[in-house]
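Some notes on the structure that comes next.
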Amino acid sequence: MAVTAIPVVRPRKAVAGGGALARRRRRTFWPFLLPALVIYLAFFIGPALASLWISFHKWDGVGEMEPRGLQNYEILFSDDTFLAAFGNTLLILVVVGAATFAVSFGLTMVLRDMRGKRFVRAVLFFPYIISPLVLSVLWGFLFRTPEGLVNSAWAALTGGTGVNWLGDHLFGVIMIGLIWVNTGFYTTVIMAGVDRIPPDLYEDCALAGATAWQRFRHVTLPLSWDVVATAAVIWTISSLKIFEFIYAFGGNTNDMPTVTVWNSALFVYGATFGGRTPQYQFGYASASAVVTLAVITVLVVLLRRLLRREAVAF
Amino acid sequence: MALRASTSPRRLLAALVTSALALTVAGCGGGSSGGGGLTYWSMWKESEPQAKVLADAVRAFEAETGVKVSVQWQGREVLKKVTPALRGGDVPDLVDQEENPIRATLVQADAFRDLSGVFAAEVPGSAKLVSQVVSDKYLGTLKKDGKPFLVPYEVIGHGLWFDSAAHAGVAASPPKTWQDFTALLAKSKSEGRSPIALDGDIPYYNAYWTIGALQNALGPGRVSELAKDPTGKAWDTPEVRAVLASVRDLSRQGYFAPGFDGSKWPAVQEKWAQGQADFLLMGSWAPSETGAKAKSGISYQFLPLPGARQSVPVGSLGFTIPKRAKNPGAAERFIAYFMKDQHLGRIATEAKNLTPNPALPAPPELAGLAKATAELPISRPLDGLEADYPGYVDEVFYPANDLLVKGKSEVDGFLAQLAERQANYWKKHR
């Protein structure tokens, strides 16, 4: 505090080179950084590098590793099961992501002027806190045919039998479920950004006779852009890791879900520990994890570039 | 202040290291088996009836032999805990599980102990050898290169279940051929009942039908040969096509109870237990699993799936010993000890399952199964596909078969999809 209160403006060079605060900062740099760095290296970077190493081998997790060079990757790119699973990962990333953000923005616009918005926001956030396992059970009760809640309601209203949700549209129902689970979180994040926008801008809009779309397009979106950009990156990374909801909803006590709804996370599990008789192909599964990680990294970098805007000061 | 600030992180670090070391030491102490003792990791949870039977046998064994047994009730994931230990670390002396997961782990990695010695040992106090107590009918598949890797204590049979109180006619003259069987289904349908209960969200249960029908038409072991073909085209024969068409017709004829496609397990098997459908194709856990929801007066009866070359698919649960076990001698003694009638018999009377000893009485609801296993040839569940080719059923057979059984694909479509997926599977499992 004392240092910042000094009114004398020092030359830039002197501040960068010495100064009591800078020296103290330098001294505390490593002690503060080290614990986090060690944990990060041990639990994230280390295993990631180990996966890369294992991906060049054939390994059942018990015997010796057998070097395989790039063979795992060659097989991977012609493995229809992996390509389909990876396609599902991308579908979740794009379709579920777009829908989640659209719904979240919609809810934000509605909630902004609503009385009791804190309560509603808490209710919306609720699915995000509950275990995906519990939600998948609930989701099963809703969509099973013929006795599920959705089809019972449909039958009561129209007399028809309704859609065979789980039998014919399992992946679609999984995507709807994921949108529902995630909407609460992204609504909360986006609302936090939107709440910072000064209300007088909206009053201006009202005076100028702007429509809801124009308000969104010219005020809300540009002024909450940095929050949206960050949320988009968070979604990209977390969508890659989605596992429990699909596993619990599509599968049962003993079996993996049907292979047509696997995403790349389930593929890794299926190639290692999943199923009644596990495959224990750790080398191959590591290769698939490395490929997924690489693609997602590229996507995140692209997304960051694409969403980069001059910050609007307000 | 400055001094304290500089030392306290060190103290903190020292405290952390000390406590971490303490934890490690404690962990090692808990995991090691004391000299002469026996470590047993079980597939059961303590509350299950099998665990109670085993725990009583452990206590009796300790009292008689003085060997201390430390049991950990690990549950079904037990082998997922054994596998990492195989590379280094404390392996248990004794493990039990179903034959398939054991085959995929200990046998696959050649980390099992040859159990020939156990089979040649005497069951204490019976003047009989273990090999004379356990029917050798079950042992054919439980060997690798002639070396037995499992001593079974529970046998699971697979086939049709029905309520003999409601279907006395079927119990009196069970159908022997597929034609007899489908005639029975047609009659039931025409009388307004649902002939078959199937929870179609479980691909394993869907595969029972197709593979069961194929086994009974081609003979045991033949389906496994078809699955071995790297091109996936070996399936395309007139014989196989005829069976596939008959399986597809089950749903086309409307023989499955409502909910088979689109509901969630156990909805349909509960309907069956309530008497809303006639037959259920399942393993011998069917009576105990549906018992709580069953209508009063139900009388469970077993019927092997009909067909020209009828067999009973059977799987075994039993003991195995890792090669690196510290005290394999004590483990072998315990296995032989458990084969005593007073212990093994309780697998039937209390855990309500079939034992591999044909001389022991079967629980009443499994009497039909006991008779069938004695009279008919034995085959493997899903003809061994799941056991011998890990991942094959999940990635190849189930996705194609689900559509066929639910009547959503034709025989041609099934064969095309299966061939494509099978070729893909063998490409990566060369």
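FYI, it's all coordinate maths here, none of it is from the lab. Keep in mind that what you see is a predicted model, and the values were worked out from it rather than measured. Note that each Cβ is placed from the backbone with ideal geometry, even for glycine, and that neighbours are counted across all protein chains shown.
Counting Lys and Arg as +1 and Asp and Glu as -1, each charge on the Cβ, what is the dipole of region B:107-161 about the Cα centre in debye, to the nearest 20?
Computed charge dipole of region B:107-161: roughly 60 debye.
Kirkwood hydrodynamic radius (Cα pairs, Å) of the protein assembly as shown?
30.0
For region A:215-314, state which trypsin sites (Lys or Arg not before Pro) are in a DSSP loop and have at most 16 other beta carbons lying within 10 Å of their beta carbon. Mind showing how you got there, number by number?
Details: sites: A:Arg215, A:Arg217, A:Lys241, A:Arg276, A:Arg304, A:Arg305, A:Arg308, A:Arg309; in loops: A:Lys241, A:Arg276, A:Arg308, A:Arg309.
The qualifying sites are A:Lys241, A:Arg308, A:Arg309.
If you add up the charges near B:Gly212, with Lys and Arg at +1 and Asp and Glu at -1, over every other residue whose beta carbon is less than 12 angstrom from its beta carbon, what do you get?
+1
Please give the helix B:411-428 orientation as an angle from the longest Cα principal axis of chain B, in degrees from 0 to 90, rounded to the nearest 10.
20
Where does chain B land at 222 nm, in deg cm²/dmol rounded to the nearest 500, when only DSSP H runs of n ≥ 4 count, each adding -39500 (n - 2.57), divided by all residues?
-13500 deg cm²/dmol
Alpha carbon centre of region B:292-307 versus region A:91-168: separation in Å?
The two parts, judged by their Cα centres, are 39 Å apart.
Mind checking B:398-406 for the average number of partner chain beta-carbons within 10 Å of each residue's beta-carbon?
Counting other chains' Cβ atoms within 10 Å and averaging over B:398-406 gives 2.
Could you compute Rg(Cα) / (2.2 N^0.38 Å) for region A:72-306, with N its residue count?
1.18
Relative to the first principal axis of the alpha-carbon coordinates of chain B, what is the inclination of helix B:178-190, with its axis defined by its Cα atoms, in degrees from 0 to 90 and to the nearest 10?
Between helix and principal axis, roughly 80 degrees.
Normalised by the residues of region A:72-306, what does the relative contact order come to in percent, with Cα pairs under 8 Å and at least six apart?
On the way: 244 pairs, mean separation 67.0, N = 235.
The normalised contact order for region A:72-306 reaches 28 percent.
What is the distance in Å between the Cα centroid of region B:41-102 and that of region A:209-280?
Answer, in whole Å: 39.
So what is log10(I(q)/I(0)) for region B:110-211 at q = 0.11, 0.15, 0.18, 0.22 1/Å, when the Debye sum runs over its Cα atoms only?
At q = 0.11, 0.15, 0.18, 0.22 Å⁻¹ the computed log10 ratios are -0.62, -0.83, -0.94, -1.18.
To one decimal place, what orientation-averaged projected area in nm² is obtained for the convex hull of the Cα set of chain B?
27.1
Give the relative contact order (percent, whole number) for chain B; include only Cα pairs under 8 Å separated by 6+ residues. Working shown, then result.
Details: 713 pairs, mean separation 108.4, N = 430.
Result for chain B is 25 percent.
Search the structure for amide H atoms under 5 Å from the amide H of B:Gln74, placed 1.01 Å from N in the peptide plane, and list their residues when 5 or more places away or on another chain.
Close amide H contacts, sequence-distant or interchain: B:Ser42, B:Trp44.
Given the convex hull of the Cα atoms of region A:22-133, what is a quarter of its surface area in nm²? Write out the running numbers ahead of the final one.
Values: hull surface 58.1 nm².
Hull-based average projected area comes out at 14.5 nm².
Tell me which residues come under 5 Å, amide H to amide H, from A:Gly61 once H is placed; ignore anything under 5 positions away on its chain.
For A:Gly61, whose amide H was placed from the backbone, the distant partners under 5 Å are A:Phe282.
For region B:111-215, what relative contact order do you get, as a whole percent, if you take Cα pairs closer than 8 Å and at least 6 residues apart?
Working: 47 pairs, mean separation 14.8, N = 105.
In percent, rounded to a whole number, it is 14.
Taking θ = phi - 60°, what integer Hz values does the Karplus form 6.51 cos²θ - 1.76 cosθ + 1.60 yield along region A:92-99, in sequence order, with x for Gly and Pro?
For region A:92-99, the Karplus-derived couplings read 4, 4, 7, 5, 5, x, 4, 5 Hz, x marking Gly and Pro.
How shielded is B:100-108 by partner chains, expressed as the average number of their Cβ atoms within 10 Å of its Cβ atoms?
3
Over all residues in A:276-288, what is the mean tally of Cβ atoms on other chains that come within 10 Å of each residue's Cβ?
Values: counts 12, 18, 10, 9, 7, 4, 0, 0, 2, 0, 0, 0, 0.
Mean shielding by partner chains, rounded to a whole number: 5.
Based on the mean of other beta carbon atoms within 10 Å per residue, what is the order of B:62-68, A:31-37, most packed first?
Packing proxy ranking, top to bottom: B:62-68, A:31-37.
What per residue convex hull volume, in Å³, comes out for region B:146-187 when only alpha-carbon positions are used?
133
Kindly provide the GluC sites (Glu not before Pro) of region B:338-391 that DSSP labels as loop, not H, G, I, E or B, and whose Cβ sees at most 14 other Cβ atoms within 10 Å.
Sparse-neighbourhood loop GluC sites (Glu not before Pro): B:Glu350.
Among A:Leu135, A:Ile45, A:Thr89, flag the residue with its Cα farthest along the positive direction of the charge dipole of the protein assembly as shown, charges on Cβ as +1 for Lys/Arg and -1 for Asp/Glu.
Towards the positive end, the residue furthest out is A:Ile45.
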